[in-house]
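The values are calculated or read from the model by the stated rules, or taken from the named source; none is laboratory data. Predicted model, so just to flag it, every value in this text is computed and none were measured. Ideal geometry is used to build each Cβ from the backbone, glycine not excepted, and the neighbour counts take in all protein chains shown.
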Amino acid sequence: MTLSSVRGMKDILPPTSARWAALEKVYRECAIRFGFSEIRTPVLEKTELFSRSVGETTDIVEKEMYTFSDRSGESLSMRPEGTAPVVRALQANRAALGEWPVRLFYTGPMFRHERPQKGRFRQFHQFGAEMFGTDSPFADAEILTFLFGFLKETGLSGVSLELNTLGDPECRPAYHRKLSDFLSSQEDRLCDDCRRRRAKNPLRVLDCKAEGCIRATADAPSVLDSLCDPCREHFESVEGALRELEIPFARNPRMVRGLDYYRRTTFEFVIPGMGAQNTVAAGGRYDGLAEMLGGRERIPAIGFAIGVERLLMLLGEGEPRGPATDVTLVTSGIRFLAEAFRWKMELIGRGIRAEMDYEGRSVKSQFRRADKSGARFVLVFGESEAERGGVVFRDMAAGVQEEISKDEAIRRLHRLTEEKGG
Ligand code: ATP
Ligand code: MG
């Protein structure tokens, strides 16, 4: 019996893997243009990193983490998100990362034990970016322009930006109280999770996806009415910058995000009508996170994460982008294998994508495969040509072939390399 992969964890096969790599290349180039450098953090972290940052009463920490004790009894978790690890790495390597602002980007797998469904997996991937050391609203506008620009460059259409603010430790407690009072009046209509969380973490209730909770909170007080002056000014400056940059957005005062560390600006890029998996990218400001993780220094910060599987799904299947073969070497008999193999290795060394058959298949079947792989040219190594020191050179698209010297064949393929390189 063959083994299956772990539920909710998928193999990424060609041609999707080629589309994936192309998307990652666009992301990387975009990030570098905005001045971000790459960081790669471990897939495993101490569990405490996430319980202290993402939050004890969030879905992620309560029920989605892959947590286990390793052989020395330490509790470890597969990272469910990328921000907390990046902050940990920043604190541990502060001096090496240079002056503020520090701009870092990442790509990689994340792990959450959720119910697998369309657009929701247990191992999924994110492209993310974090900007540290400035609480300027221009930083928020920069991050949003980067994300908006990248999504546009991928060709994604119909995506809209929803913006909110969650206030800060000055004004949030008052809002918590207002919301909590409102929620106690709606207690009977809330799901069990929300009833339990209501007192400790009332914002979570606004994020609940249960129908009953959505209806019960339709008239909940808006955070926008409880902001202190600095938070209001910050929010208005971000909105002003977005208008100047002609980046369309809509306020969504119900958007609280699934993690506890956010302060002030939060945002999501959503595709309307995509159901519960309609968010392709999300993020926000998290000025308090470094201190929550035990740092002495307050490090203002803002970042986002893009769901790669969701983005690829929304972009559609498109053209399979697997590169076609340039030249297939066809041998009429196994005694030509060694010579054709030398050619193949040399051509690959010159940047030409060359293929050949090693199994001694018939010439007819080798041609069929050449055709299938989209080869532009075929070189035939045969008895009579070899006697004259030549090969047959066939242009597959034009359907013409001629016998030429080996030197001439090399010259022609050389031209192909130059075309490709140019
Ligand atoms: P959702 O509300 O869809 O559960 P989230 O708020 O949990 O999303 P974040 O933690 O903000 O998501 O992660 C950022 C992005 O990562 C999401 O917008 C989404 O595109 C993607 N993502 C999150 N969880 C999954 C998952 N289980 N499978 C695939 N992609 C995911
Ligand atoms: Mg989630």
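Yes or no, residue by residue, for (1) of a type outside the set (S, T, Y); (2) in contact (Cβ under 8 Å) with a residue 40 or more places away in the chain:
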{"site": "G351", "(1), (2)": "yes, yes"}
{"site": "G374", "(1), (2)": "yes, yes"}
{"site": "S384", "(1), (2)": "no, no"}
{"site": "G389", "(1), (2)": "yes, no"}
{"site": "V392", "(1), (2)": "yes, no"}
{"site": "A397", "(1), (2)": "yes, no"}
{"site": "Q401", "(1), (2)": "yes, no"}
{"site": "K406", "(1), (2)": "yes, no"}
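Can you tell me which residue among A31, A84 is within 16 Å of ligand 1 (Cβ to nearest atom), surrounded by 13 or more Cβ atoms within 10 Å (Cβ to Cβ) and within 17 Å of the chain's Cα centre (by Cα)? Break it down stepwise before answering.
On the way: A31 fails: within 16 Å of ligand 1 (Cβ to nearest atom).
Answer to the selection: A84.
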Given (1) part of a loop (DSSP other than H, G, I, E, B); (2) within 16 Å of ligand 1 (Cβ to nearest atom); (3) within 20 Å of A84 (Cα to Cα), where does G108 come up short, assuming only one miss?
(1)
Of the residues D260, D219, only one is part of a loop (DSSP other than H, G, I, E, B) and within 16 Å of ligand 2 (Cβ to nearest atom); which?
D260
Does any residue of the stretch 113-126 turn out to be assigned by TED's automatic domain parsing to the domain that holds I302, more than 12 Å from ligand 2 (Cβ to nearest atom), modelled with pLDDT of 95 or more and hydrophobic (A, V, I, L, M, F, W, C)?
no
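Can you tell me which residue within the stretch 284-316, out of those that are acidic (D, E) and assigned to a helix (DSSP H, G or I), is surrounded by the most Cβ atoms within 10 Å (Cβ to Cβ)? Can you show your working first?
Of all residues in the stretch 284-316, those acidic (D, E) come to 287, 291, 297, 309.
Still in the list and also assigned to a helix (DSSP H, G or I): 291, 309.
Values: E291: 12, E309: 21.
Taking the candidates together, the pick is E309.
For every residue, the table says whether it meets (1) under 28 Å from L312 (Cα atoms); (2) in contact (Cβ under 8 Å) with a residue 40 or more places away in the chain; (3) not charged (D, E, K, R).
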residue: R215; (1), (2), (3): no, no, no
residue: F235; (1), (2), (3): no, yes, yes
residue: R251; (1), (2), (3): yes, yes, no
residue: Y262; (1), (2), (3): yes, yes, yes
residue: F267; (1), (2), (3): yes, yes, yes
residue: M274; (1), (2), (3): yes, yes, yes
residue: A282; (1), (2), (3): yes, no, yes
residue: A290; (1), (2), (3): no, yes, yes
residue: G295; (1), (2), (3): no, yes, yes
Does A241 fit the bill of being out of contact with any Lys or Arg (no Cβ under 6 Å at 6 or more places or on another chain), away from ligand 2 (no atom under 16 Å from the Cβ) and modelled with pLDDT of 95 or more?
yes
When every residue in the stretch 163-204 that is touching a helix residue (DSSP H, G or I) at 6+ places or on another chain (Cβ under 6 Å) and among the polar types (S, T, N, Q) is compared, the one surrounded by the most Cβ atoms within 10 Å (Cβ to Cβ) is T165
